[in-house]
Amino acid sequence: MISYFAPPYNIPSAVRIGKFAKYLPQHNWQPFILTVKGLPYYQTDPQQFKGLNYHNFFKTRSFDPLHFLNFFQDQRVKKFHRSNEGFANKIKAWFPIDEKIGWMPFCYQTGKKILKTQAIDAIFCTSGGIHSHVITSYLLAKKYHKPLILDIRDLWADHPFLTFTKINLLMNEYWEKKIFKFARKIIVVTPGQKKFLSEKYKFLQNKIELITNGFDPEDTRPETKKNYDRKELIFTFAGSFYKNLSPQILLKTLEKNIDYPLKLRFIGNFRNHFWKLIKAFPEQKNVQIEVISRQTKNSLHHYLQESDILLIFLPIGKKYDGILTTKLFDYLPYYKPLLAFCSLNSDLATFIKKGKLGFVASDKQQSNQILHQIIKMHRLGKLSKWYHNEEFISQFTRQKASEKLAAMLEKNI
């Protein structure tokens, strides 16, 4: 299993590969993880990966910009790295394929050693926004005649949040088509991605499979006693904002005087654009904004359990409609109503409606109507009695996702 990010880092790509690695042995598959060592600025969360066998991890060096930041310990450098997303994206555009291309030689050499010394039956590569190691996976699979299973968490050459130079786009399009043709199976995480790629490449129609993200019930500690007597209404968002992903519609809705006590809570490490929105928000008697730094899974439990509404934000636009954020699945086991800001035609909106999971708004007018509906329900004590479709939610565990992957591997070796 080849992934740039891996446990114990607490980011979605590392969690996905870690949960697969944790549960695949229950289906007679033993994973070996090939990844990068010593990544700066990423919070680790070993507790989230209890039961994972780290003896089969192979961690290599990499020549890429993220690793060079290891040489800088100054807090100003760290702050600059976190805050200047535009500058970081310009640096990425200088590199062919992507800025992690410097991992390729290390990944390839260590991959060869693993394939020579271990009885490997298949190569699984997961990617999202970083794709140079997919080329490495292809080269290894071709050299050693192994089936290649690709896990595409985000679209490759059509990634909605990446900006390519003309040369980069040509290179990524070339490798995408070449490797997709070679791969035994392509896994995507949303129905929209499956539809888009099946239409782009007709040869994928029998190759492409859907395995969404999910949640691990072992990571969640439900409260035995819930307190709904609190008058304050708490909205919580846990995650990241980047590029044109922001809470702007909700903040604009709340600029008018609200006659009900609200707390708007943001949990994560946020960039300059977010802080500008917060500073520009007018002071309100009944609206309190609380910003909390990124939390481990264990420490996040309390905040999510205490909340009345859990927030999700996506940019509005067709190219974002095929995104199901990982936090959607992180929220599911808490059985709290969701409030999503996204296109009404998006996979996210469809998922929420199908599971009767909460509310969807695509503009300020809809946001205002839903906000007043939520306040009314909370005032009448109905919000705490929100219907939970447990049968729907139970489909999306990490265990079931791993079971699907194991079945796919069995059919394709």
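Values quoted throughout were computed directly from the atomic coordinates according to the rules given, and no laboratory measurement underlies them. Predicted, not measured: the structure shown is a model, and the values here were computed from it. Counting neighbours? That spans all protein chains shown, and the Cβs are built from the backbone with ideal geometry, glycine included.
Counting only residues 5 or more places away or on other chains, whose amide H sits under 5 Å from the amide H of I234 once H atoms are built in the peptide plane?
For I234, whose amide H was placed from the backbone, the distant partners under 5 Å are K263, D308, I309.
In the chain, with Lys and Arg counted as +1 and Asp and Glu as -1 at Cβ, which of these residues, I152, T126, S137, has the Cα nearest the positive end of the dipole, that is, farthest along it?
S137
Taking the Cβ of L332 as the center, what net charge do the other residues with Cβ under 12 Å away carry, scoring Lys and Arg +1 and Asp and Glu -1?
Around L332, the charge tally is -1.
Between I413 and Y174, what length comes free when the chain is fully extended (0.36 nm per residue of separation minus the Cα-Cα distance, one decimal in nm)?
Computed gain between I413 and Y174 is 83.4 nm.
Taking only Cα atoms and a 10 Å spring cutoff, compute GNM fluctuations for the chain and point out the largest among I309, I120, I149.
Taking springs between Cα atoms under 10 Å, the residue moving most is I120.
All other residues with a Cβ under 13 Å from the Cβ of N28 taken together, and with Lys, Arg as +1 and Asp, Glu as -1, what is their net charge?
-3
Connecting C-alpha atoms closer than 10 Å in a GNM of the chain, tell me which of F266, F95, F124 has the biggest fluctuation.
Per the Cα network of the chain with a 10 Å cutoff, F95 tops the list.
Rounded, prolate or oblate: which fits the stretch 247-305 when a ≥ b ≥ c are the square roots of the eigenvalues of the alpha-carbon gyration tensor, with rounded for a/c under 1.5 and prolate only if a/b beats b/c?
It is oblate, given that a/c is not under 1.5 and a/b is not larger than b/c.
Considering only S367, I187, S299, whose Cα is most displaced toward the positive end of the charge dipole of the chain, charges sitting on Cβ of Lys, Arg (+1) and Asp, Glu (-1)?
I187
Which residue, K100, K202, K178, has the most motion in a Gaussian network model of the chain that connects Cα atoms within less than 10 Å?
Of the options given, K202 has the highest mean-square fluctuation.
What is the set of long-range amide H partners of F266 at a cut-off below 5 Å, with H atoms built 1.01 Å from backbone N?
Amide H neighbours of F266: F237, E290, V291, I292.
Quick check on the chain: what are the equivalent-ellipsoid semi-axes from the Cα gyration tensor, as sqrt(5λ), descending, whole Å? Before the final figure, lay out the partial values.
Details: eigenvalues 273, 113, 88 Å².
For the chain, the semi-axes come out at 37, 24, 21 Å.
Can you pull the one-decimal nm distance between simple spin-label points at K181 and K113, each 7 Å off the Cα toward Cβ?
So the label points at K181 and K113 sit 3.4 nm apart.
Nearest 20 debye, what's the magnitude of the dipole of the stretch 217-395 about its Cα centre given +1 on Lys and Arg Cβ and -1 on Asp and Glu Cβ? Please report the intermediate quantities before stating the final value.
Details: 28 positive and 17 negative charges, 75 e Å.
Rounded to the nearest 20 debye, it is 360 debye.
When Lys and Arg each count +1 and Asp and Glu each count -1, what net charge do the other residues less than 13 Å away from Q395, Cβ to Cβ, add up to?
+1
So how far apart, in nm, are the two label points at L139 and I292 if each is 7 Å from Cα heading toward Cβ?
4.5 nm
Gap in Å between the Cα centre of the stretch 335-365 and the Cα centre of the stretch 127-174?
When both Cα centres are located, 31 Å separates them.
Sticking with the crude label model, points 7 Å out along Cα→Cβ, report the distance from D121 to K195 in nm, one decimal please.
It works out to 3.5 nm between the two label points.
Can you show me the helix-derived [θ] at 222 nm for the chain, built from DSSP H runs with n ≥ 4 at -39,500 (n - 2.57) apiece and divided by the number of residues, rounded to the nearest 500.
My calculation for the chain gives -11500 deg cm²/dmol from helical runs alone.
Quick one: L52, L344, fewest Cβ neighbours within 10 Å first, how do they rank?
In increasing order of surrounding Cβ atoms, one gets L344, L52.
Using the Cα centre as the reference, give the magnitude of the dipole from point charges on the C-beta atoms of the chain (Lys, Arg: +1; Asp, Glu: -1; all else neutral), rounded to the nearest 20 debye. Could the numbers behind the result be given before it?
On the way: 64 positive and 34 negative charges, 108 e Å.
Result for the chain is approximately 520 debye, rounded to the nearest 20.
Considering the alpha-carbon set of the stretch 217-395 alone, what are its Rg and its Dmax in angstrom?
15.5, 43
How high is the relative contact order of the chain? Use alpha-carbon pairs under 8 Å, at least six apart in sequence, and give a whole percent.
15 percent
Can you give the charge dipole size of the stretch 261-308 about its Cα centre, rounded to the nearest 20 debye, using +1 on the beta carbon of Lys and Arg and -1 on the beta carbon of Asp and Glu? Present the calculation step by step, with values, prior to reporting the outcome.
Values: 8 positive and 4 negative charges, 48 e Å.
For this selection, approximately 240 debye.
Which pairs break 29 Å Cα to Cα here: K181/K411; K100/K400; K336/K411; K37/K319?
The pairs that break the limit, which is 29 Å between Cα atoms, are K100/K400; K336/K411; K37/K319.
Viscosity 1.567 mPa s, temperature 4 °C: what is the translational diffusion coefficient of the stretch 93-164 from Stokes-Einstein with a Kirkwood Rh over Cα pairs, rounded to a whole number of µm²/s?
Translational D for this selection: 100 µm²/s.
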